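Asker: Dumping the structure here so I can ask a few things about it.
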Amino acid sequence: KQAKALGMNIVQTMFAEIQASPMVVDLFPKKTTINLSDDTLEQIVGIFEKYDLSLTAFDVKGEAFEYFLGDTFTGGLGEYFTPRNIVEFIVEAVSPKIGEKMVDPFCGTGGFLIYAFDIVSEKIRLQDFSQVEREKWQRALSDESLYGTDWKERNAQACKMNMYVHGDGNTGIFCRDGFLDVPGKIEVGTFDICLTNPPFGATETSKAILDRFPELGAGRKSQIREVLAIERCINLLKPGGVVAMVTIDGVLNNDSTAYVRKYINENTEVLASISLNKETFQGYNAEAKTSILFMRKRKEGEEVKLGPVFMAVCTNTGYAPNGEAIAGNELPDILF
């Protein structure tokens, strides 16, 4: 109250000091302020001032952050976010290794990257490393292993913050169209793993963007972005790298998209296809029937030979049509 009487906003002052800290460099755009009135800030502080999170584990802070995001980041403009059960299934199925470089070109608030961070952090903890080695690998994970882009500044900012409160360095997150490289950071042929759930239902008409995709975009007047996302994800991988992504069933089933499946088979070995029940994304107002596709990028000169593909039909991913959690999630059994 004394600060208020002096015309000083302590929260804004503290926030400015935090932004100057080397620990959070590039976490917020320059000269960012909290766009809430003094009265609103005073009410929020009044609610939270009795709690001390200073010694709380990163994963608890992260879960709290995701909870408070709530429905703020769901749906709109062909995008929706990925339920936790799907994120955990995909990351655990891929099982990223220590030192592998991962990317999500359509990262939203960072679900795949955060869970991958948790999985690899646990692997580092369980290894018989010296303290110096453990710290080296943990630094590499935080600063050099996880990358993502989202075209909406709000999403990219939330992803950075989400990764920070989970314990990651957030240095690999950029506000950028997922179809475009980030020089020196996100470039074709540089990743071991690509994990993503691209936006569905939007059509790309920009010739400049279409021409970046010689197989599935160039020479066309338009292309649905989820098809371009397939070529983008494969292009981002090193030979032998793995992509795990959600895709609409029409791409896998329709006669009109046979050329997409031809491209997939010529450039990757399809490892698995998991059909998801339609309720999975209904809580995000998304009606598209989807599957999860796992692919390994073929090495140069590798013989194109179609091998066995693991397939499963999931009739319950643990979500009701309204997005509420329900019993009976079959994904753990499919993972096993």
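Asker: Ignoring everything except DSSP H segments at least 4 long, calculate the 222 nm mean residue ellipticity for the chain; use -39,500 (n - 2.57) per segment, divide by total residues, nearest 500.
Answerer: One gets -11000 deg cm²/dmol as the mean residue ellipticity at 222 nm.
Asker: Give the long-range amide H neighbours of Leu271: residues separated by 5 or more places, or on another chain, with amide H under 5 Å away, using H modelled in the peptide plane at 1.01 Å from N.
Answerer: Amide H neighbours of Leu271: Phe294, Met295, Arg296.
Asker: Report, ordered by chain and residue number, the lysines lying within cross-link reach of Lys160, taken as a straight Cα distance under 27 Å and ignoring same-chain residues fewer than 8 apart.
Answerer: List returned: Lys30, Lys31, Lys50, Lys61, Lys97, Lys101, Lys123, Lys136, Lys152, Lys185, Lys238.
Asker: Considering only the other residues whose Cβ falls under 14 Å of the Cβ of Val309, what net charge follows from Lys and Arg at +1 and Asp and Glu at -1?
Answerer: After counting each charged neighbour, the total is +2.
Asker: Under the Karplus relation 6.51 cos²θ - 1.76 cosθ + 1.60, θ = phi - 60°, what is the ordered set of whole-Hz ³J(HN,Hα) values for the stretch 106-118, x standing for Gly and Pro?
Answerer: 9, 7, x, 8, x, x, 5, 5, 5, 5, 4, 4, 4
Asker: Let me ask something additional. Which three semi-axes in whole Å describe the equivalent ellipsoid of the stretch 209-336, each the square root of 5 times a Cα gyration tensor eigenvalue, listed largest first?
Answerer: That gives 28, 19, 12 Å for the three semi-axes.
Asker: Then there is this: For the stretch 217-278, give the percent of accessible area contributed by carbon and sulfur heavy atoms, probe 1.4 Å, rounded to a whole number.
Answerer: The C+S portion of the solvent-accessible surface of the stretch 217-278 is 49 percent.
Asker: May I pose another question? What number do you get for the stretch 235-286 when its Cα radius of gyration is normalised by 2.2 N^0.38 Å, N = residues?
Answerer: 1.34
Asker: Right, here's the next one. Would you kindly derive the ³J(HN,Hα) couplings of the stretch 91-96 from the backbone phi angles with the Karplus curve 6.51 cos²θ - 1.76 cosθ + 1.60 (θ = phi - 60°), listing them in order in whole Hz, with x for Gly and Pro?
Answerer: Per-residue couplings from phi come out as 5, 5, 5, 6, 6, x Hz.
Asker: Another question about this same structure. Going highest first, how would you order 292-300, 33-41, 202-210, 225-233 by mean Cβ packing within 10 Å?
Answerer: Per-residue Cβ counts within 10 Å, averaged per peptide and sorted highest first, yield 225-233, 292-300, 202-210, 33-41.
Asker: Show me the three semi-axes of the equivalent ellipsoid for the stretch 128-236, from the C-alpha gyration tensor (sqrt of 5 times each eigenvalue), largest first, rounded to whole Å.
Answerer: 32, 16, 10
Asker: Follow-up question, since we're still on this one. With +1 on each Lys and Arg Cβ and -1 on each Asp and Glu Cβ, how big is the dipole of the chain about its Cα centre, in debye rounded to the nearest 20?
Answerer: Roughly 720 debye, rounded to the nearest 20.
Asker: Can you tell me, using C-alpha contacts under 8 Å and at least 6 residues apart, the relative contact order of the chain as a whole percent?
Answerer: Once divided by the residue count of the chain, the mean separation gives 14 percent.
Asker: Any idea what diffusion coefficient the chain gets from Stokes-Einstein, in µm²/s, Kirkwood Rh on alpha carbon pairs, 25 °C, 0.890 mPa s?
Answerer: 114
Asker: Using amide H atoms built in the peptide plane, which far-off residues or other-chain residues are under 5 Å from Gly148 H to H?
Answerer: Correct list: Asp104, Ile173, Phe174.
Asker: Over all Cα pairs of the stretch 175-273, how is the pair count split among 5 Å bins, expressed in % and running from 0 up to the last occupied bin?
Answerer: 2, 12, 24, 28, 21, 11, 2, 0
Asker: In Å², and per residue, what accessible area does the chain have when probed at 1.4 Å with the other protein chains present?
Answerer: That works out to 53 Å² for each residue.
Asker: Net charge within 12 Å of Lys278 by Cβ-Cβ distance, Lys/Arg positive one each and Asp/Glu negative one each, not counting Lys278 itself?
Answerer: Once positives and negatives cancel, what remains is -2.
Asker: Which cross-chain or sequence-distant (5 or more) residues have an amide H under 5 Å from the amide H of Asn316, H modelled 1.01 Å from N in plane?
Answerer: Placed amide hydrogens put Asn277, Glu330 under 5 Å from Asn316.
The values are calculated or read from the model by the stated rules, or taken from the named source; none is laboratory data. All values derive from a computational prediction rather than experimental measurement. Quick reminder, even Gly has a Cβ in these numbers, built from the backbone with ideal geometry, and neighbours come from all protein chains shown. For the accessible areas, the whole protein counts, side chains as well, though only heavy atoms, and no ligand, DNA or RNA atoms are used. Shrake-Rupley method; radii C 1.70, N 1.55, O 1.52, S 1.80 Å.
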